[in-house]
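Asker: The structure's right below; bear with me while I get my questions together.
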Amino acid sequence: MLKRLFLILMLSLIFLHMAEALEIKGPYLDFKDSVIRVSFQFDLDSNYVDEIRKGISKEVIFYIDLFRLWKTWPDEFIVGRKVVRKITSDPMKKEYIATSFDGETLVEKRFNSFESMMKWALNFNDVYLTSLKGMPSGTYFVRTTVESRLRNIPSLFGEIFFFLPDREFKVSSDSGLFRWNESSLEPLR
């Protein structure tokens with residue numbers, strides 16, 4: 001009995017240590033003239049921050065999606081945005097570069113400090129999601145998902161060995177629910 005308890009304790013400590021301290025603060029919604037704007041902040045684990053600081057580039061993919069809530073059916077995807085941010089640092093040159101691509105616009109920024117680069121790359125303020133005009137009445141919510149794919153893995157490898165993980169991490173967070181109809185917009189929680 002004591003051995004079994006010790007084994008359970010050791011396994012739980014191992015898995016707790018493996019749990020990553022990745023967190024999405026938000027999403028926070030702002031409604032102006034039936035337009036949804038989303039703000040959120042992503043906090044990377046210190047291990048990933050150290051890797052970037054040492055010069056290993058990281059590509060982080062952000063998904064911002066609007067869903068309609070159904071009681072008996074799965075939630076319905078309405079519209080979404082995908083933003084890919086690549087974070088690169090060169091510790092020898094003290095050069096910090098971050099790029100952002102949202103499907104239409106590619107933005108490349110150079111920074112004087114590592115902290116300012118990380119703040120820009122992992123913070124989203126007032127991102128336009130969609131206009132609610134013309135949408136059917138219902139209960140909606142916004143889901144933000146952040147993921148990073150493993151480096152240097154060919155896509156064919158991921159297709160053949162589908163049972164092996166192809167992501168370093170994937171974290172998601174949901175906003176509070178809100179009810180929309182053509183005459184009013186009210187937050188539910």
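The values are calculated or read from the model by the stated rules, or taken from the named source; none is laboratory data. These numbers come from a predicted model, not from an experiment. Here Cβ is always computed from backbone atoms with ideal geometry, including for glycine, and neighbour counts include all displayed protein chains.
Asker: May I ask you to say which residue of Asn125, Asn112 is touching a residue at least 60 places away in the same chain (Cβ under 8 Å) and either surrounded by fewer than 16 Cβ atoms within 10 Å (Cβ to Cβ) or farther than 18 Å from Ser34 by Cα (or both)?
Answerer: Asn125
Asker: Does at least one position in the range 63-84 carry a residue that is in a loop (DSSP other than H, G, I, E, B), of a type in the set (Ser, Thr, Tyr), at pLDDT 85 or above and over 19 Å from the mean Cα position of the chain (by Cα)?
Answerer: Yes - at least one qualifying residue is present in the range 63-84.
Asker: May I pose another question? From the list Lys109, Lys94, Lys170, which one is more than 15 Å from Glu59 (Cβ to Cβ), in contact with a Ser or Thr (Cβ under 8 Å, 6 or more places away or on another chain) and among the charged types (D, E, K, R)?
Answerer: Of Lys109, Lys94, Lys170, the one residue that is more than 15 Å from Glu59 (Cβ to Cβ), in contact with a Ser or Thr (Cβ under 8 Å, 6 or more places away or on another chain) and among the charged types (D, E, K, R) is Lys109.
Asker: Report, ordered by the first and then the second residue, all pairs with beta carbons closer than 6 Å, sequence separation of six or more or different chains, a first member in the range 158-184 that is under 28 Å from Glu23 (Cβ atoms), and a second member that is at pLDDT 90 or above and acidic (Asp, Glu).
Answerer: The qualifying pairs are Arg167/Glu147; Lys170/Glu147.
Asker: What are the residues in the range 10-29 that are over 17 Å from Lys170 (Cα atoms), surrounded by fewer than 13 Cβ atoms within 10 Å (Cβ to Cβ) and either among the small types (Gly, Ala, Ser) or at pLDDT 55 or above (or both), if any?
Answerer: Matches in the range 10-29: Met10, Ser12.
Asker: I'd like the full set of residues that are assigned to a strand (DSSP E or B) and in contact with a Phe, Trp or Tyr (Cβ under 7 Å, 6 or more places away or on another chain), limited to the range 163-189.
Answerer: Asp174, Phe178, Trp180, Leu185, Glu186, Pro187
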